6 protein chains.
Amino acid sequence: MSTPQRVSVFRKEHFNAAHRLNNPNWSDEKNERVYGKCNNYNYHGHNYDLIVQVTGDIDPETGYVMDMKVLSDLIKTEVLDPFDHKNLNLDTEEFKDLNPSAENIAIVIHHKLRNKLNPALDLKIRLYETERNFVEFPG
Amino acid sequence: MSTPQRVSVFRKEHFNAAHRLNNPNWSDEKNERVYGKCNNYNYHGHNYDLIVQVTGDIDPETGYVMDMKVLSDLIKTEVLDPFDHKNLNLDTEEFKDLNPSAENIAIVIHHKLRNKLNPALDLKIRLYETERNFVEFPG
Amino acid sequence: MSTPQRVSVFRKEHFNAAHRLNNPNWSDEKNERVYGKCNNYNYHGHNYDLIVQVTGDIDPETGYVMDMKVLSDLIKTEVLDPFDHKNLNLDTEEFKDLNPSAENIAIVIHHKLRNKLNPALDLKIRLYETERNFVEFPG
Amino acid sequence: MSTPQRVSVFRKEHFNAAHRLNNPNWSDEKNERVYGKCNNYNYHGHNYDLIVQVTGDIDPETGYVMDMKVLSDLIKTEVLDPFDHKNLNLDTEEFKDLNPSAENIAIVIHHKLRNKLNPALDLKIRLYETERNFVEFPG
Amino acid sequence: MSTPQRVSVFRKEHFNAAHRLNNPNWSDEKNERVYGKCNNYNYHGHNYDLIVQVTGDIDPETGYVMDMKVLSDLIKTEVLDPFDHKNLNLDTEEFKDLNPSAENIAIVIHHKLRNKLNPALDLKIRLYETERNFVEFPG
Amino acid sequence: MSTPQRVSVFRKEHFNAAHRLNNPNWSDEKNERVYGKCNNYNYHGHNYDLIVQVTGDIDPETGYVMDMKVLSDLIKTEVLDPFDHKNLNLDTEEFKDLNPSAENIAIVIHHKLRNKLNPALDLKIRLYETERNFVEFPG
């Protein structure tokens, strides 16, 4: 174990939000045909489970890839504070003109965390919209 | 096993909905103080997990307390069709004038199912708003 | 804490088995109408999750209601050894003439464990046929 | 819904702790025979999952039995702050002379919360030592 | 976000089936020695949890890699309809001459879905035979 | 399916242990600043969930990548017997001079299993310290 070992660490967090899938360039009929119940005019919502995966060399002094308290605080500032108990379409800048599909939410979260993380660390985002529908974005 | 045996059967379903906690008789300040983030003006949302418990005598011919397919269909008609992918405050009659707290949602679901179930069967409702916050209403 | 305190202890175990729901007094048509896919002639199967609840006074010397190792061994002898990786209809005495519905399996398990437990202890059985269909028998 | 409705609300929290089961009045041989691996001299540990159930009338003004934020804060002060990331035998007053079995931990938590809760509310404690071994104390 | 972003979407489904592991070219003794309880003559069964992972470019118009309703319907037609509540050895063509090990079931499911999916999409199959035994086939 | 197919098989096990994070080359103040509650002098503990992933060609005769009973027995001998219900810092050789962070525990488990596995098989370790903090080491 003399050379640094590359390990992934994962932190799971969650937030609750309302959203609606809608493409303003389409007719109401097309929006309903494509998005079905997810197009409901008055929004619906989810308990989003978020798993942030950070990969890097293990620091031999601490035994850590990254302090999980620091990672948890970063997720709180960048993701939970702006998104938790919010309406993604109406209360956030990021989804004013971007459909808040699980795919797009994962990409937005990746961009927000990527900007604050040490570039030597790899970052992957997994987002559960429900227990049965989830997405992963490796950046 | 000659006398009927009293057994509980449980069926788990889920629905996704937006909601907002707000008391129109209070000031905005009091609503925010009491409900905190749950008072967000533009709604937030949850994946609600619902467990319906029905207790009754086991039918010796079928080995069933109640056909779970019948129970599942009943939950679909009474709960999932009106509540899933909806805004509870805006899209439902039941919560037009009733705060959609987890407690009140459980009571409303109990009333809706109670009306359709055989009176010889007992009914209890458990509702998970999140994995860590849930309620139970025994009727 | 001078008088004995009544506490419930729970042990979760699981077993995998094949079964088929069928009433030999009915026509094939009625069996299919009542049991649907569960009537499949060649059997289907489940991972059954079993939760055994034992309620009694806490022993002040050990701090235990009952040694969980003893309870686990009892469940192994009485339930897992005869039922795990078996066909309930063909390989067991208990379901030769009794429909292996979740309700009936829970009752059979209760009878088998009840006979071996100290009468001062209460016993309740919860059995998950799937994550979404489960039953409870309080004896 | 004119008369108050009795509803249970549940809050799930967790803490991580080391413990050892040992009765100082017994010989080493008896301690090892009774407690097995749980008697390990240098302690072992668990992620304890705690579910606090509070039952009471629903407040028609708030739609709450009890504000879950208040309940969560109370559990933090009374249970998590003194027990989380601690050695129950060495770092706490409650288990200096009391075996930290799951049964006894549940009773101690019940006493601590009971003293701080409105007497009109019923309280029940469920404590998971592992996913497969758990206890419940109804007070 | 001007170039397409490669994202994975996952859909979780489940089915219940009976099966038996047996190699007809071996003696009964060798079959029992290799497969143990899984060789039980009258079959046993499982609740199989299936996670289908589809990876592709995100469609900027819909915000989707693939409509999860379409994916769910495809899994229903190709996997759940032929396998759910069936005996894999007796009721299916695929396992007439192929051992229904978790590995082989995952490969068969991959082949069935691969034939129906857009070739631009990558496909990976994860199959849980129990919570503690599972397999993954990346194609 | 004439050429061998590369499939991953996973086995989930768990063990309970006490540990403490501490760097003997640092002052008490630095240890507490870096490790926080995890530096508690008298140890704390966890229910560790371990997922061992083995990847290899499927054996056409058995339908197995590897007999899960053999893998489970290997994990028992190499990991559960030395670590379960132990104090990692005091009761094991491996962590006498190595901080038992989740990252380091995963690496140690990987080394122990790697030495006993067929070199044609790939090995990856995932270790959950809690449901929300986990690590993965691909070797």
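The values are calculated or read from the model by the stated rules, or taken from the named source; none is laboratory data. Note that the structure is predicted; figures quoted are calculated from it, not measured. Here the Cβ positions follow ideal geometry from the backbone for every residue, glycine too, while neighbour counts run over all protein chains shown. These accessible areas exclude ligands, DNA and RNA; they are computed on the full protein's heavy atoms, side chains included. Shrake-Rupley method; radii C 1.70, N 1.55, O 1.52, S 1.80 Å.
Please work out if residue B:87 is away from chain A (no Cβ under 14 Å), under 30 Å from residue A:91 (Cα atoms), open to solvent by less than 50 Å² (accessible area, probe 1.4 Å) and out of contact with any Lys or Arg (no Cβ under 8 Å at 6 or more places or on another chain).
On the way: away from chain A (no Cβ under 14 Å): no; under 30 Å from residue A:91 (Cα atoms): yes; open to solvent by less than 50 Å² (accessible area, probe 1.4 Å): yes; out of contact with any Lys or Arg (no Cβ under 8 Å at 6 or more places or on another chain): yes.
Here the answer is no, as residue B:87 does not meet what is asked.
Just to verify a result, which residue in the stretch E:103-139, among those that are over 14 Å from residue E:51 (Cβ atoms) and of a type in the set (A, V, I, L, M), is nearest to the other protein chains (Cβ to nearest Cβ)?
Within the stretch E:103-139, the match that is nearest to the other protein chains (Cβ to nearest Cβ) is E:107.
For the stretch B:90-111, name all the residues that are outside any loop (DSSP other than H, G, I, E, B) and buried (at least 17 other Cβ atoms within 10 Å of the Cβ).
First, pick out the residues of the stretch B:90-111 that are outside any loop (DSSP other than H, G, I, E, B): B:90-91, B:102-111.
Across the stretch B:90-111, the qualifying residues are B:91, B:102, B:103, B:104, B:105, B:106, B:107, B:108, B:109, B:110.
Return yes or no: is residue C:61 within 13 Å of chain E (Cβ to nearest Cβ) and of a type in the set (Asp, Glu)?
no
On the given criteria, is residue D:48 open to solvent by less than 20 Å² (accessible area, probe 1.4 Å) and either out of contact with any Cys (no Cβ under 7 Å at 6 or more places or on another chain) or under 28 Å from residue F:22 (Cβ atoms) (or both)?
It is true that residue D:48 is open to solvent by less than 20 Å² (accessible area, probe 1.4 Å) and either out of contact with any Cys (no Cβ under 7 Å at 6 or more places or on another chain) or under 28 Å from residue F:22 (Cβ atoms) (or both).
Going through the stretch B:1-56 one residue at a time, which ones are hydroxyl-bearing (Ser, Thr, Tyr), within 14 Å of chain A (Cβ to nearest Cβ) and over 25 Å from residue B:81 (Cβ atoms)?
Listed by number, the residues that qualify are B:35, B:41.
Any idea which residue in the stretch B:115-138 is nearest to residue B:100 (Cα to Cα), counting only those that are free of Cβ contacts under 8 Å to residues at least 60 places away in the same chain, charged (D, E, K, R) and open to solvent by less than 70 Å² (accessible area, probe 1.4 Å)?
Per the stated criteria, the residue is B:136.
Consider the stretch F:1-33. How many of its residues are in contact (Cβ under 8 Å) with a residue 60 or more places away in the chain and surrounded by fewer than 18 Cβ atoms within 10 Å (Cβ to Cβ)?
2
Look at the stretch F:64-83 and say how many of its residues are among the charged types (D, E, K, R) and either touching a helix residue (DSSP H, G or I) at 6+ places or on another chain (Cβ under 9 Å) or away from chain D (no Cβ under 14 Å) (or both).
So the answer is 4.
Can you pull out the residues in the stretch B:88-108 that are in contact (Cβ under 8 Å) with a residue 24 or more places away in the chain and touching a Leu at 6+ places or on another chain (Cβ under 7 Å)?
Residues satisfying the conditions are B:95, B:99, B:100, B:101, B:102, B:105, B:106.
Quick check: anything in the stretch E:66-73 open to solvent by 50 Å² or more (accessible area, probe 1.4 Å), touching a Lys or Arg at 6+ places or on another chain (Cβ under 9 Å) and not in a strand (DSSP E or B)?
Within the stretch E:66-73, not a single residue is open to solvent by 50 Å² or more (accessible area, probe 1.4 Å), touching a Lys or Arg at 6+ places or on another chain (Cβ under 9 Å) and not in a strand (DSSP E or B).
Hey, can you tell me all the residues within the stretch F:55-65 that are surrounded by fewer than 17 Cβ atoms within 10 Å (Cβ to Cβ) and not in a strand (DSSP E or B)?
Those that are surrounded by fewer than 17 Cβ atoms within 10 Å (Cβ to Cβ) and not in a strand (DSSP E or B): F:60, F:61.
In this structure, is residue C:36 open to solvent by less than 70 Å² (accessible area, probe 1.4 Å) and in contact with an Asp or Glu (Cβ under 7 Å, 6 or more places away or on another chain)?
no
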